[in-house]
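What follows is a short report on a single structure.
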Amino acid sequence: MSFISKESIDEVESRVDIVHIVGEYVPLVQRGSSWFGCCPFHHEKTPSFSVDQDRKFFYCFGCHAAGNVFKFVQEMEKVSFAESVEMLAKKAGVQLNYVNSGDEYHKKDENVKKKEEYINLYTRVATTFHYFLMETEIGKFALDYITSRGITFETLEKFKIGYSPADRKWLHSFLLKKNFGEDFLKESGLFSKKFPDTAFFSDRLMFPIFDKNGSVVAMGGRFLRGDSSRSPEYLNSTDLIQYKKGSTLYAFNFAKKAMREQQRVIFCEGYMDCIAYHQCGIEYAVAPLGTALTEEHIRMVKSFAETVYLSFDSDSAGQNATKRAILMCRKQGKTVRVIRLKGGKDPAEIMLKFGSEVLTDAIESAILDNDFLLTKLLEVYPKTTPENKAKASLAFFVYIDALQSDIQKNACLEQLGQMYGIEMEALKKDYENRRDLSKKARNNAVQSTEATVQALKISAELRAVMTVVTDNKELFGKMKESVSADDLEDNNAKMLFRIMEECYDTNNYSVSSILNRCESEELKQVIYDSINEFSNHVEQSAKDSIQLLKRNVLEKKRAKTQELIHSFETSSLDEDKKYLKELLAQKMDVDRQIASLKD
């Protein structure tokens, strides 16, 4: 079992600047010794997200998201701890060491190596398919088709578009000759489950699917010829060890720079729409892959773009997808606009007929989502009857719920009232009544979860131990002189104390080292909260906590001694009387120590 060595992890963390890494995702401004920006993990207008450059961790005073640089990369890139270390090691130019010791506390995920192997496989297959399209006679008809759609050779190279041969046995034989094993290929997703030597993709225009770092992780294939009733127009890879369609966006690797620069993103229907936008210089377009847009997709772009543009088909399925996407985006605090295309069924057709200027104009004239929804409501519920007005209002209230600003809520209610001729007072009353019922239900649902978290936070022992989670080794040394882990009853406090003791004994005592060794995410969260709470008076807080813990130890000792006294005070045996006298002396000594602490 391979692990990343502690020394390698510490070296990576010491070599990377957390402010620089976070700054690649979040604009930061320095205030005193910390850096601040808007939190990438929840919607906010006033910055409450801080980065401590010296202590190497981030903390949000709003949603309480917190962690070190590895945690930040894990959350932003949706990768494992080991992958975050490897990504940052590349940036820092650090050569990682892997060891096979069971004493190492950070295991290299067994799946990481397998993922790398499958990425290597898909990269090789994508290169081969691209060669068939661009250089061979068997792929010429596919090349003629794609170029007839207005796609240039430059774009074909950028997206590595290819062609999979009609011979469904060829690929398996080819890869075996390249030393890929039978079992490995069987699980690759490139072959039929029932017939392992038969290619899943054949006689199709192929679209390699890249992950956010630009590695080929999956494939999509477009049907070109034959009986269309017997084969889907698009065939996509299923979820694989290196690929999850619900958390992957087509062209994200190409789009993220433009998204960050222009603070906008276009969600469109599929490969060709996305490619058309990019070819027209609109490089902030992405597309979900064989699935509806998900909340995870929106979270992927949340830190890159402020405004979401939706470019789905004008048919009923596309319009319903637009409505769902609006609600999901608004719940995550994004401004939403809807692109209306005219003169063609999709961006690729418009690009071919009219060129890039028409697509650019369509984006600039995109309408706000509330205008889009109200227009659609009028089509379904004409303002001719009170019943239609009530139904339209209830339908629009769902959108109002998703808005994050009370000003926006009020403005949209006014717009609804004006469009349907409804008095604002009546609208507000209906909306508030409905919202109060929903709020009560939500409160009941989260009550037990909040109680669990609070129970952890209010533990006196844990709170006391957390006051010395600092970069000051001497503070823990003083605590260690007074108490031990075995003196503590709270399991979380005991776990944290032992982690701190390990850091202390190995002369590697720091906030970062303590957090790196802590495996409980819940405990980490409470630690981050305490770091900020005690930061301005840490020495006094530590002193008070040491006194508290010492008093607890003494009071437990007194209670135990008192219990023994009760068990021996009725005995008439001389030996027991002698022991009782010793116990009474011990109790008096403990009482004096407790009294001195109170002073």
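The values are calculated or read from the model by the stated rules, or taken from the named source; none is laboratory data. Small disclaimer: the values here were computed from a predicted structure and weren't measured. Please note: Cβ atoms are built from the backbone with ideal geometry, for glycine as well, and neighbour counts cover all protein chains shown. Just so you know, the surface numbers come from the protein's heavy atoms only, side chains and all, with ligands and any DNA or RNA stripped out. Shrake-Rupley method; radii C 1.70, N 1.55, O 1.52, S 1.80 Å.
Looking only at residues that are assigned to a loop (DSSP other than H, G, I, E, B) and closer than 24 Å to THR335 by Cα in the range 351-384, which one is least open to solvent (accessible area, probe 1.4 Å)?
Only one residue fits best here, namely ALA366.
From (1) open to solvent by 80 Å² or more (accessible area, probe 1.4 Å); (2) in a helix (DSSP H, G or I); (3) over 26 Å from ALA276 (Cβ atoms), pick out the condition that doesn't hold for THR127.
Going through the list (1) open to solvent by 80 Å² or more (accessible area, probe 1.4 Å); (2) in a helix (DSSP H, G or I); (3) over 26 Å from ALA276 (Cβ atoms), THR127 breaks only (3).
For a quick check of your reading of the model, give me the residue pairs whose first member lies in the range 71-89 and is polar (S, T, N, Q), whose second is part of a helix (DSSP H, G or I) and open to solvent by 20 Å² or more (accessible area, probe 1.4 Å), with beta-carbon atoms closer than 6 Å and at least 6 apart or on different chains.
These pairs meet every condition: SER84/GLN74.
Given the criteria part of a helix (DSSP H, G or I) and either at pLDDT 90 or above or closer than 18 Å to ASN433 by Cβ (or both), does ILE407 qualify?
The answer is yes for ILE407.
Looking at the range 496-513, can you tell me whether even one residue there is closer than 24 Å to LYS557 by Cα and crowded, with 19+ Cβ neighbours inside 10 Å?
So far as the range 496-513 goes, yes, one or more of its residues are closer than 24 Å to LYS557 by Cα and crowded, with 19+ Cβ neighbours inside 10 Å.
Quick one: ALA402 ticks every box in (1) within 27 Å of the chain's Cα centre (by Cα); (2) open to solvent by 20 Å² or more (accessible area, probe 1.4 Å) bar one, so which box is it?
Exception for ALA402: condition (2).
Please verify whether the range 71-78 includes one or more residues that are among the charged types (D, E, K, R), crowded, with 20+ Cβ neighbours inside 10 Å and under 25 Å from LYS212 (Cα atoms).
Yes, the range 71-78 contains at least one residue that is among the charged types (D, E, K, R), crowded, with 20+ Cβ neighbours inside 10 Å and under 25 Å from LYS212 (Cα atoms).
Under 7 Å between Cβ atoms, at least 6 apart or on separate chains: pull out the pairs that start in the range 91-118 with a residue that is modelled with pLDDT of 50 or more and end on any residue that is in a helix (DSSP H, G or I) and among the charged types (D, E, K, R).
Filtered contacts from the range 91-118: ALA92/ARG15; VAL94/GLU11; VAL94/ARG15; LEU96/GLU86; ASN97/GLU7; VAL112/GLU83.
Is it the case that the range 386-396 has a residue that's within 27 Å of HIS278 (Cβ to Cβ) and in contact with a helix residue (DSSP H, G or I) (Cβ under 7 Å, 6 or more places away or on another chain)?
Scanning the range 386-396 turns up no residue that is within 27 Å of HIS278 (Cβ to Cβ) and in contact with a helix residue (DSSP H, G or I) (Cβ under 7 Å, 6 or more places away or on another chain).
Which ones in the range 465-507 are of a type outside the set (S, T, N, Q), more than 16 Å from SER541 (Cα to Cα) and more than 33 Å from the chain's Cα centre (by Cα)?
Correct list: GLU481, VAL483, ALA485, ASP486, ASP487, LEU488, GLU489, ASP505.
If a residue has to be open to solvent by less than 20 Å² (accessible area, probe 1.4 Å) and modelled with pLDDT of 90 or more to count, how many in the range 10-36 make the cut?
Number satisfying all stated conditions: 7.
Show the residue pairs meeting these rules: Cβ distance below 7 Å; 6+ apart or different chains; first residue within the range 121-137 and more than 24 Å from LYS186 (Cα to Cα); second residue of a type in the set (Ser, Thr, Tyr).
Cβ pairs passing all conditions: LEU133/TYR163.
With the condition kept exactly as written, say whether any residue in the range 518-539 is farther than 23 Å from CYS63 by Cα, modelled with pLDDT of 75 or more and out of contact with any Pro (no Cβ under 9 Å at 6 or more places or on another chain).
no
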